[in-house]
Structure formats: C-alpha cells, structure tokens
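The values are calculated or read from the model by the stated rules, or taken from the named source; none is laboratory data. In this text, all values refer to a predicted model and were calculated from it rather than measured experimentally. Ideal geometry is used to build each Cβ from the backbone, glycine not excepted, and the neighbour counts take in all protein chains shown. Areas reflect the complete protein model, heavy atoms only, side chains present, ligands, DNA and RNA absent. Shrake-Rupley method; radii C 1.70, N 1.55, O 1.52, S 1.80 Å.
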Amino acid sequence: ARDAGIEVRGVSGPVKLRVVNGPVEIEEITGDLQVTSSDGSIQVAWVSGDVEARTTEGEIEMRHIDGEVTAKTLGGSIELAQVRGPIVARTERGSVRASFSGPPVGSLETERGSVDVVIPTGSAADLDARATRGKVSLDATIGLNGEEAENLVMGKINGGGALLVLRTSDGRIHVGGR
C-alpha cells in the first residue's frame, strides 16, 4: 500500500532495503545496514554495525549505533544520538544534530540549517567548523587550541585527533560536551 511504511526488527546479518515511498523504521540489527528511500523518513535504532541511510525527501533519525554512520537527505533534518562514528551527515535543507559515543570524527554539513554536535568529555579532535552566514560557538568545557572567529573555529580539541568537519551556509554551529 502506498505510504504504508515499513518496519524491520531483530535481524542478524547484513540488511539492504530500498523503499520508493513512505516511512521506514528499523531496530535491533546485528550487522551492517543500507537503507534507501526516494520519499520518506528513515528511523534506525540499536544497530551493531555500520549504517548507510539515504532519502531524497524526509528526515533521518538514528540512535544507539555501534558503528560508522552515513546519513544523506536533500530535504529534511538529520538527528543522530549515541553514535560511535565516524559520521558523514549531509542535508541541503534542515538541521544536523549528532552526539558521539566514541571519538568525534567525520563531516556534518547542511546548506540551510544549524549544526549541533555533542562530544564525550575529554575527546580529542582536529576541529574545522565554518558557518558562512552564521556563528560558531563552543561550550566553555571544550578546550580548543587554535583560531576562533565569529563564523569560524579551527584547531585542536584536547591535543588534537582525527578531523571533525562542521559546515553550514546559512545557520549556526555549536559544539558541546557531555
């Protein structure tokens, strides 16, 4: 049925899913996951493995991912909670929010929207954050050695580590600790 939605739960082994229309909800996967949707939201939770999620129009939401994440949408926000990483997240229209459970590594980008990232206390990274028309801010608990300007922050967090790239053309960027 059109717009009915698809649910997948409790699967061991790799999962590949392609959907034309409607929301997709996937939980409790042991193994890598690939999900593609032409039109509709994607929700993923409790995966032990790498996750790749792509949709043309719709939000992407993931939580409790023990692996690498790739999340791409043209129209919709991306929300990633408790992801080990690395993370590659990109949307044209919408915000990107992510909390890392492992080292903060990857690239989080939007054309129109904000980027909010939460990293574990004591995490090390090389930060490259740029907001073309907006502000970049860090929590006071984030120790940065580098260059800070209103719309640009570049430098080493806690001595440096892998690269964390944050971008927005029209919006703000914030990095917080937990």
Residue in the stretch 39-62 that is β-branched (Val, Ile, Thr) and more than 30 Å from residue 131 (Cβ to Cβ) present: yes
Test: residue 119 is open to solvent by less than 40 Å² (accessible area, probe 1.4 Å) and either under 24 Å from residue 56 (Cα atoms) or without any contact (Cβ under 8 Å) to a residue 40 or more places away in the chain (or both): no
Scan of the stretch 41-65 for residues that are open to solvent by 70 Å² or more (accessible area, probe 1.4 Å) and in contact (Cβ under 8 Å) with a residue 24 or more places away in the chain, ordered by number: 59
Complete set of residues in the stretch 122-138 that are at pLDDT 95 or above, open to solvent by less than 30 Å² (accessible area, probe 1.4 Å) and either polar (S, T, N, Q) or part of a strand (DSSP E or B) (or both): 125, 127, 128, 129, 131, 136
Residue count for the stretch 103-114, restricted to those that are surrounded by 24 or more Cβ atoms within 10 Å (Cβ to Cβ), hydrophobic (A, V, I, L, M, F, W, C) and touching a Gly at 6+ places or on another chain (Cβ under 7 Å): 0
First in the stretch 122-133 and closer than 19 Å to residue 102 by Cα, second anywhere and polar (S, T, N, Q) and open to solvent by 10 Å² or more (accessible area, probe 1.4 Å), Cβ under 8 Å, 6 or more apart: 122/158; 123/158; 124/158; 125/158
Odd one out for residue 104 among (1) closer than 30 Å to residue 135 by Cβ; (2) assigned to a strand (DSSP E or B); (3) of a type outside the set (Val, Ile, Thr): (2)
Qualifying residue in the stretch 69-83 (condition: in a strand (DSSP E or B), modelled with pLDDT under 95, acidic (Asp, Glu) and open to solvent by 20 Å² or more (accessible area, probe 1.4 Å)): no
The stretch 100-121, subset of a type in the set (Gly, Ala, Ser) and touching a Pro at 6+ places or on another chain (Cβ under 9 Å), residue modelled with the lowest pLDDT: 102
Test: residue in the stretch 31-41 that is more than 14 Å from residue 76 (Cβ to Cβ), part of a strand (DSSP E or B) and among the acidic types (Asp, Glu): no
Whichever residue in the stretch 139-174 is assigned to a loop (DSSP other than H, G, I, E, B) and among the aliphatic types (A, V, I, L, M) and, among such residues, is most open to solvent (accessible area, probe 1.4 Å): 140
First in the stretch 88-108 and touching a residue at least 12 places away in the same chain (Cβ under 8 Å) and among the hydrophobic types (A, V, I, L, M, F, W, C), second anywhere and surrounded by fewer than 19 Cβ atoms within 10 Å (Cβ to Cβ) and assigned to a strand (DSSP E or B), Cβ under 6 Å, 6 or more apart: 88/70; 88/107
Verdict on residue 30 being open to solvent by 20 Å² or more (accessible area, probe 1.4 Å) and under 19 Å from the mean Cα position of the chain (by Cα): no
